C-alpha cells in the first residue's frame, strides 16, 4: 500500500506567555493513495494545527510527517515551500482566487510560481477547467462567477501539479446547500477517479462524504469513524474509539 501521507506520533507545542500549549499530543494515522479522509473536531481540538502541518506551513515539535516517502518533519523552510507549491493542492473556504486573473490564469498560478508554463501545461489547465465544468468560462474573472464556480476554479487549480493529496479547508463553508452538494459531488468524482483528499470540516454531513472521519479532541485522536456509505452518505457512521495516545 503506497501512502500519500503518514503521521507518526506527531506533537506540536506552542509557547505563549510563559505557558506551553499542547496543540497536538502524539497523533498517528496514514493516508493511503486514493483515500478520502475528513478531519473533524471542536474549536481547540488541534485540527487547524494539523492542517498547517499537512500543508507544510509549520514544523512539528516532534514526531514524523511523511509526504510520499519523504519525512518532512525537520525539512528546511525552502523545502517546505517547494512542497507547498509543487506537491499539495489547496482548496480554501474563501476560494483565494486572484481577482485580476481569468479562470484559466488562476488555474495556471501554481505553474507560474514554479517558473514553468509550457504549451502542454496550458492545455492541461484547459482540460482541468473542462473537467470541473468551466470550459465555457476560461476568460471570465472571479467577480463574474458564482461562489460554486469560484470553488470549481480552486479545485482545478489544486490538481494542476498532480499533488500527493488535495488539502481542503472548510471548502463548502461559504456556499449554500445546493452549491455545497455540487462541490461535494465533484470531490466524490475526483476520489472515485483515484485522487487523494484530506478535508477539514466542522459539518458532519460533509464529513460523512469521506471514507472515514478522524475526530480530534484536545490534541489527540478521539475516534476514527468508518463511513458505511461514503460519497452521498445516508447511513449512520460507526465510531471506533482509539486508545489514548501519550
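Computed from the coordinates by the stated procedures, all read-outs in this text should not be read as laboratory data. Everything numeric here is computed off the predicted structure, so don't read it as measured data. Cβ placement follows ideal geometry from the backbone for every residue including glycine, while neighbour counts extend to all protein chains displayed.
Remark: the stretch 90-185 is approximated by an ellipsoid whose semi-axes, taken from the C-alpha gyration tensor as √(5λ), come to 21, 14, 12 Å, largest first.
A crude spin-label estimate for the pair residue 2 and residue 57, with each label 7 Å from Cα along the Cβ direction, gives 2.8 nm. Placing R0 at 51 angstrom, the Cβ-Cβ distance between residue 127 and residue 224 gives a FRET efficiency of 0.90 after rounding to 0.05. Spin-label model, residue 181/residue 9: points 7 Å from Cα along the beta carbon direction are separated by 4.7 nm. In this label model, residue 193 and residue 120 are separated by 1.9 nm, measuring between points 7 Å along each Cα→Cβ vector. Stretching residue 79 away from residue 162 to a fully extended chain increases their span by 28.1 nm, per 0.36 nm per residue minus the current alpha-carbon distance.
Between residue 16 and residue 203, residue separation times 0.36 nm minus the direct Cα-Cα distance comes to 64.3 nm. Compared with the direct C-alpha span, the chain from residue 144 to residue 113 gains 8.7 nm at full extension, assuming 0.36 nm per residue. Pairs of alpha-carbon atoms within less than 8 angstrom and 6+ residues apart define the contacts here; what relative contact order does the chain have, in percent? For the chain, the relative contact order is 25 percent. Each helix, a run of at least 4 DSSP H residues, gives -39500 (n - 2.57); summed and divided by the residues of the chain, these come to -9000 deg cm²/dmol at 222 nm. The DSSP beta bridges internal to the chain are antiparallel in roughly 60% of cases.
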